[in-house]
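Nothing in this text is a laboratory measurement; each read-out follows from the coordinates by a stated rule. No experiment lies behind these values; they were computed from the predicted model shown. Here the Cβ is made from the backbone with ideal geometry for all residues, glycine too, and neighbour counts use every protein chain on show.
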Amino acid sequence: MRTIVALLCWFAAFSPELLATETASSPIAQAKLTFVIVHGAWAGGWEHKKLAEALQADGHAVHRVTLTGQGDRSHLATPDVGLSLHIQDVVNFIEWEDLHNVVLVGHSYGGMVITGVVDRLPDRIKHVIYLDAFLPEDGESVYSSMGANSSRRRPAVNGFISLGDQTGKPVSHVVPQSEKTFTEPIKLEHQDKARAIPTTYILTVDPGKKPEEDTFFPYYERAKARGWKVQIMEGTHVVHLTKPQETARLLEAAP
C-alpha cells in the first residue's frame, strides 16, 4: 500500500499537468448546476419531484418552488393572488436562499412567472429554460398571449379556475387557481439584460401530432425568432412526470 501511495505522489510531483487534466475531465470534477424549477398552473413543486430526483442523482442542486395558493400552499389561495405575486414568490426564494448562476426552469404557466423573474434578477441567472411554456411579451397575460386560442379559456367560479386531472389518473394535489393569474398582464422593464441571457425553449409534442398543432408552438416560434436555442421533444405536456429521466438529460445539456 505504501508503495502505491509513493508512486502516486511521485506521479503528481513530476506530471502535475497530466493529473490535473485527468481530474478535470472526470465526472466528479465536472461543474454541477443549480436548478430552480417553477411549476405550471393548478400544480405545485410536488409535480417535479421525479425530475428533481433525476437531476440530483447527477449531483445537481435542485429547488422546487411552490407558488402562493398552489400545492402545499393552497391554504393561501384567494382571488387576489395574481401573476405579479407569483413572480415575487420566486424572486424572494432566489434572494433569501442567496442563489447565483441559477438555471431557471418554467413549465407551462411557469413560463409567465420565470419571464418576470429574469426581468427582475438578470444578474443571478445563468440559463433560462422554457419547458412547453408560455413566453409573454411585455403587457401580455396568459389569455391575451393566446390570441386566436383565447377560446380555450376555462370558466371561473368565485374567482377561481379549476382543472381536471392533467396526468390521466386522479391526482388530489391538483387545485383550483386564481383567475387573476391568467388575466393579469406582465410588466417587463429590463428586457435588454433579460433577453441576453442564454435561453432554451423545449416544445413537447404528443406522439402522432405535428409541432404546428401544439398549443405552445407560437411560443416556440417566438423563442426561435429571438435567436434562442429551441428543441422539440416527443411527449405529453407533462414530460417531467412521464419521462423524468429524458427530461432531466435535456435540462442538463441546455446550459
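Points worth noting:
- Computed extension gain for Glu137 through Glu221, at 0.36 nm per residue and net of the alpha carbon distance, reaches 28.9 nm.
- Across Lys32/Lys126; Lys49/Lys193; Lys193/Lys229, pairs whose alpha-carbon gap is larger than 21 Å: Lys49/Lys193
- Neighbour-count order for Leu67, Leu135, Leu76, Leu99, fewest beta carbons within 10 angstrom listed first: Leu76, Leu99, Leu135, Leu67
- Residue by residue, region 221-237 carries 3J(HN,Hα) couplings of 5, 5, 4, 4, 5, 7, x, 7, 6, 10, 9, 10, 10, 6, x, 6, 5 Hz when phi is fed to the Karplus relation 6.51 cos²θ - 1.76 cosθ + 1.60 (θ = phi - 60°); x denotes Gly or Pro.
- For His75 and Arg195, the difference between the fully extended length at 0.36 nm per residue and the C-alpha to C-alpha distance is 39.7 nm.
- Each of Lys50, Lys224, Lys243 was scored by other Cβ atoms within 10 Å of its Cβ. Arranged with the fewest first, they read Lys224, Lys50, Lys243.
- Exposure proxy ranking, count of Cβ atoms within 10 Å, fewest first, for Met112, Met233, Met146: Met233, Met146, Met112
- With the charge dipole of region 47-253 set up from +1 on Lys and Arg Cβ and -1 on Asp and Glu Cβ about the Cα centre, the Cα lying farthest toward the positive end among the listed residues Pro185, Thr242, Pro155 is that of Thr242.
- When both bridge partners sit in region 47-253, DSSP labels roughly 15% of those beta bridges antiparallel.
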